[in-house]
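The next block holds one structure in the form of structure tokens; read it before the comments.
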Amino acid sequence: MLRYRPSVSLLRQLHRHRFDRVPKMPARGRALLTSSGVIKGATVSKLFEKNTVCGRVTDGRTSTLTPPAHNSLTLAYPFLHFSSTANCNKMEPWTQAIDDICWQQRPSAVLGQRDLQANPYLWFPDGKLNTCYNSVDRHALTSPNTVAIHWHSAATQSKLSVTYADLLTRVKDVAGMLADYGVKKGDTVVIYMPMILEAVYSMLACARLGAVHSVVFGGFAPKELAKRIEDCKPKVILSASCGIEPKRVIEYKPLLDEALRISQHSVPIRVIYQRPGQAQAKLDYQSGDRNFDQEIERIQHESKAFQQCVTVDSSDPLYLLYTSGTTGRPKGVVRSNGGHAVALRWSMDYIFGLQKGDTIFTASDIGWVVGHTYIVYGPLLAGLTTVLYEGKPVGTPDASVFWKICTEYNVKAMFAAPTAIRAIRREDPEGKFAHRQDLSNLRALFLAGERSDPVTIHWCQQLLGSSKQVIDCWWLTETGQPVTSTCLGKNAQLFSIKPGSAGKPVPGANVCVLDDDGAPQDNPNTFGNLVIKLPMVPAAFTTLWNNEQGYCDSYFKRFPGYFDTGDAGMIDEEGYVHVMSRTDDLINVAGHRLSTGSIEEILLSNTSVVETCVVPIPDNLKGHVPLALVVTSGKVSNNIKQDLVKAVRNDLGAIACLDKVVVVARLPKTRSGKVLRRCIRDMTAGNPVNVPATIEDATVLTDIKAALQKEGLIPQTKAKL
Ligand code: COA
Ligand code: AMP
């Protein structure tokens with residue numbers, strides 16, 4: 001229904017008027033406002049009608065088009081350009097979603113620009129807000145008795161439910177404690193904690209102060225923790241006495257002490273939460289150790305709870321989260337406040353179809369992006385109830401635990417890694433545990449972190465029945481939100497699920513396939529590099545901590561104008577995205593992203609190892625596990641393999657799950673010296689091995705094949721050379 005069709009001159013005026021605010025507008029965008037008034041199929045009048053274009057237009061003739069004041073955002077050039085790329089509604093969610101966030105100052109645009117050629121876009125520029133206010137305070141005002149978090153610890157057999165009013169009190173206390181140590185806006189704080197409530201209070205307390213938290217996964221060894229401490233230089237570290245793994249208790253304090261001993265950066269204050277009834281940490285108060293509970297008591301006693309929320313800019317960092325790159329140096333992904341808040345709040349409704357009163361259970365760890373996004377910030381920004389689960393999918397005590405949680409807390413949406421589901425299936429193939437529970441409120445199971453194989457999807461679907469959706473969604477630490485998914489919100493475009501694909505791009509994500517030379521592969525089902533055409537989704541990272549050059553080089557240099565996801569796959573004729581493999585040296589073990597480069601670095605630190613190459617090999621449970629080929633020299637210990645396995649556990653962490661080490665005489669290389677990892681990967685996956693013409697000596701592959709066959713690492717297929 002078109003109510004108004006602006007004239008060409010009016011369009012030109014509008015164009016000039018708005019875009020004057022964006023100095024660095026690429027020239028090609030200007031051509032998009034054509035004399036026909038049509039933006040690739042979507043008339044401008046239609047866009048106005050939907051309030052998707054709304055500006056502070058002062059010209060007499062255009063003023064009738066200005067939307068209500070509460071919605072008067074100036075849309076900068078990229079909006080129009082982007083609207084035209086595929087679907088004019090793509091930007092619509094953001095103009096509406098922006099109103100679901102409380103701003104101290106409303107952004108001047110949905111999308112603006114910044115002075116960074118590689119990725120010149122900035123979401124919600126000039127907005128001012130506080131993410132803690134949006135996640136806690138405002139819900140404590142309107143629904144104080146709603147449960148914000150159900151903490152369910154299978155590891156310690158304890159439970160606690162925290163209302164929004166309780167949460168606000170706790171967060172104010174922790175923020176008061178941090179402020180008392182001098183933590184202020186822009187300072188960094190490391191959180192190295194297991195899945196306990198204090199970890200969530202700590203994250204939100206940082207957000208309250210405008211400080212930047214960096215949560216480090218508890219499974220990382222001291223050296224990895226030290227790298228993160230050195231890079232982000234925290235003023236304070238918050239930790240706990242222990243984490244509880246099924247086979248052992250992990251005492252955090254000795255790990256933290258060791259990390260600080262290695263690190264060049266010293267941290268004056270370390271606050272340790274002593275877990276009741278569990279291992280207690282030895283604290284050295286003189287050197288700066290503090291007891292979390294005692295400090296909170298002191299803050300309460302001294303009335304130092306931090307009452308206000310510090311206003312930050314939309315583009316100010318909320319958190320950094322280190323993730324594996326292709327080298328041993330982790331990358332500090334920086335998440336800014338504005339885009340994150342809008343996108344996550346929106347996603348709870350649009351992607352998950354959840355409303356106030358609903359509960360989401362995300363079975364991840366707060367040390368990973370999924371934990372940040374869908375255990376903590378997403379649900380809380382939307383005023384929902386979230387489950388914080390400490391335990392495993394199996395063995396704590398058995399494969400029934402996920403389904404029991406769904407029943408006990410009336411969970412409407414569940415989120416897990418395919419590995420977790422495979423573990424449950426292995427223990428309970430007929431799904432007897434699930435059938436014994438009342439899952440009537442469960443609407444959908446979301447899977448991410450690694451590819452969901454169709455067998456796993458079908459098993460879940462059969463188990464849960466056709467009334468529930470089993471949804472694979474694809475995203476990365478860098479994007480901070482799903483890039484593809486089936487969306488369940490009432491305004492979402494519904495389409496059926498296709499097992500093996502990760503769904504279709506969510507609004508705002510323009511996913512494309514490029515060949516290695518950067519040429520678009522528009523023919524359906526053409527395999528290539530999966531990229532996102534800029535601008536990226538609103539929650540996406542804005543830079544790498546202390547490493548803007550690395551940000552530009554790693555993600556935007558190879559394919560200018562696109563974000564290189566590092567994944568390979570294809571888009572089929574119906575627009576479904578199939579994510580098949582990594583194009584780089586990252587490995588995904590049980591949904592944990594690790595760098596083969598960092599494993600190689602550890603192996604090379606053994607003086608007997610002269611060369612090594614680590615590749616992912618398929619694993620029925622964990623998706624992939626690492627295989628290390630090593631070339632040794634000199635006097636080699638009889639225990640070389642065990643030594644190397646131990647070194648990786650000590651230096652990276654047990655989560656690397658390296659237990660396959662094969663000693664070989666040589667590695668396959670090209671004449672320029674590049675190790676042919678892909679050939680080994682293909683061999684171990686049972687795929688035909690494509691031997692490049694540039695190989696230095698093809699007989700090396702024959703020797704390696706024999707060595708791998710001896711170890712039972714080549715599947716019983718025809719892996720032909
Ligand atoms: N702190 C310390 N150590 C940890 C840890 C943590 N937070 N998490 C894992 N580890 C250790 C384990 O204790 C284990 O050590 P071990 O070799 O000495 O036994 C090792 O790391 C490997 O652990 P894990 O990957 O949990 O393997 P598992 O064989 O013990 O359990 C599964 C198998 C399937 C149950 C488990 O891998 C799992 O729950 N996977 C899902 C993970 C997930 O949700 N990923 C998504 C993140 S978005
Ligand atoms: P992380 O940054 O730890 O979340 O890991 C991101 C990587 O995990 C992606 O680049 C993919 O390789 C992989 N991944 C995540 N979700 C999916 C999915 N649904 N399908 C395939 N791969 C996925």
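The values are calculated or read from the model by the stated rules, or taken from the named source; none is laboratory data. Owing to the predicted nature of the structure, the values given are computational and were not obtained by experimental measurement. Every residue, glycine as well, gets a Cβ built from its backbone with ideal geometry; the counts of neighbours run over all protein chains shown. The accessibility values were calculated without ligands, DNA or RNA, using every heavy atom of the protein model including side chains. Shrake-Rupley method; radii C 1.70, N 1.55, O 1.52, S 1.80 Å.
Structure notes:
- Residues of region 565-589 classified as open to solvent by 20 Å² or more (accessible area, probe 1.4 Å) and either under 30 Å from Ala628 (Cα atoms) or within 16 Å of ligand 1 (Cβ to nearest atom) (or both), total: 10
- Taking region 236-305 and the strands (runs of 3 or more DSSP E) fully enclosed by it, the elements with 1 or more residues that are under 29 Å from the mean Cα position of the chain (by Cα) and without any contact (Cβ under 8 Å) to a residue 60 or more places away in the chain are at 236-240, 242-245, 248-251, 269-273.
- Of all residues in region 663-697, exactly one satisfies the criterion of being part of a strand (DSSP E or B) and either among the small types (Gly, Ala, Ser) or under 33 Å from the mean Cα position of the chain (by Cα) (or both), namely Val675.
- Top-ranked residue of region 421-444 - restricted to ones that are within 16 Å of ligand 1 (Cβ to nearest atom) and open to solvent by less than 90 Å² (accessible area, probe 1.4 Å), ranked as farthest from Trp459 (Cα to Cα): Phe433
- Looking only at region 552-564, and only at residues there that are within 15 Å of ligand 2 (Cβ to nearest atom) and assigned to a helix (DSSP H, G or I), the one that is surrounded by the fewest Cβ atoms within 10 Å (Cβ to Cβ): Ser554
- Answer from Trp368, Trp346 - the residue that is within 14 Å of ligand 1 (Cβ to nearest atom) and either closer than 19 Å to Gly489 by Cα or under 22 Å from the mean Cα position of the chain (by Cα) (or both): Trp368
- Spans of strands (runs of 3 or more DSSP E) in region 104-198 with at least 1 residues over 30 Å from Asn547 (Cβ atoms): 147-153, 158-163
- When Leu621, Leu594 are checked against the criterion of being within 16 Å of ligand 2 (Cβ to nearest atom) and more than 18 Å from Gly480 (Cβ to Cβ), Leu594 stands alone in meeting it.
Residue-wise test of (1) away from ligand 1 (no atom under 16 Å from the Cβ); (2) in contact (Cβ under 8 Å) with a residue 60 or more places away in the chain; (3) among the small types (Gly, Ala, Ser).
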site	(1), (2), (3)
Gly465	yes, no, yes
Thr477	no, yes, no
Ile497	yes, no, no
Pro507	yes, yes, no
Val513	yes, no, no
Leu534	yes, yes, no
Ala540	yes, yes, yes
Tyr562	yes, no, no
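- Considering the conditions (1) in contact with a Gly (Cβ under 7 Å, 6 or more places away or on another chain); (2) buried (at least 17 other Cβ atoms within 10 Å of the Cβ), Pro715 is excluded by exactly one of them, (2).
- With respect to being small (Gly, Ala, Ser), open to solvent by less than 20 Å² (accessible area, probe 1.4 Å) and at pLDDT 95 or above, Ser263 fits the description.
- When each of Ala226, Ala175, Ala211, Ala205 is tested for being in contact with a strand residue (DSSP E or B) (Cβ under 8 Å, 6 or more places away or on another chain), open to solvent by less than 10 Å² (accessible area, probe 1.4 Å) and not β-branched (Val, Ile, Thr), the lone residue that passes is Ala211.
- Only one of the listed residues (Gly325, Gly332) is assigned to a loop (DSSP other than H, G, I, E, B) and under 18 Å from Val215 (Cα atoms). That residue is Gly325.
- Scan of region 351-373 for residues that are part of a loop (DSSP other than H, G, I, E, B), more than 16 Å from ligand 2 (Cβ to nearest atom), of a type outside the set (Lys, Arg) and surrounded by fewer than 24 Cβ atoms within 10 Å (Cβ to Cβ), ordered by number: Gly353, Gln355, Gly357, Asp358
- The test for being among the basic types (Lys, Arg) and on the phi > 0 side of the Ramachandran plot does not hold for Lys282.
- Being at pLDDT below 95, farther than 14 Å from Ser598 by Cβ, in contact with a strand residue (DSSP E or B) (Cβ under 8 Å, 6 or more places away or on another chain) and more than 16 Å from ligand 1 (Cβ to nearest atom) is a description that applies to Val675.
- Residues in region 374-393 that are more than 13 Å from ligand 1 (Cβ to nearest atom) and outside any helix (DSSP H, G or I) were compared, and the one that is nearest to Pro144 (Cα to Cα) is Gly383.
- Conditions (1) surrounded by 12 or more Cβ atoms within 10 Å (Cβ to Cβ); (2) among the hydrophobic types (A, V, I, L, M, F, W, C); (3) more than 35 Å from the chain's Cα centre (by Cα); number of the one not met by Cys657: (3)
- Condition met for Val394 (farther than 30 Å from Arg345 by Cβ and not acidic (Asp, Glu)): yes
- Cβ separations smaller than 6 Å between residues 6+ apart or across chains give the following pairs from region 651-672 residues that are more than 16 Å from ligand 2 (Cβ to nearest atom) to residues that are assigned to a loop (DSSP other than H, G, I, E, B): Asp651/Ala221; Val662/Glu711; Pro668/Leu676; Lys669/Glu696; Thr670/Thr694; Arg671/Thr694; Arg671/Glu696.
- Test for Gln469: is it more than 16 Å from ligand 1 (Cβ to nearest atom), of a type in the set (S, T, N, Q), within 25 Å of Val369 (Cβ to Cβ) and open to solvent by 50 Å² or more (accessible area, probe 1.4 Å): yes
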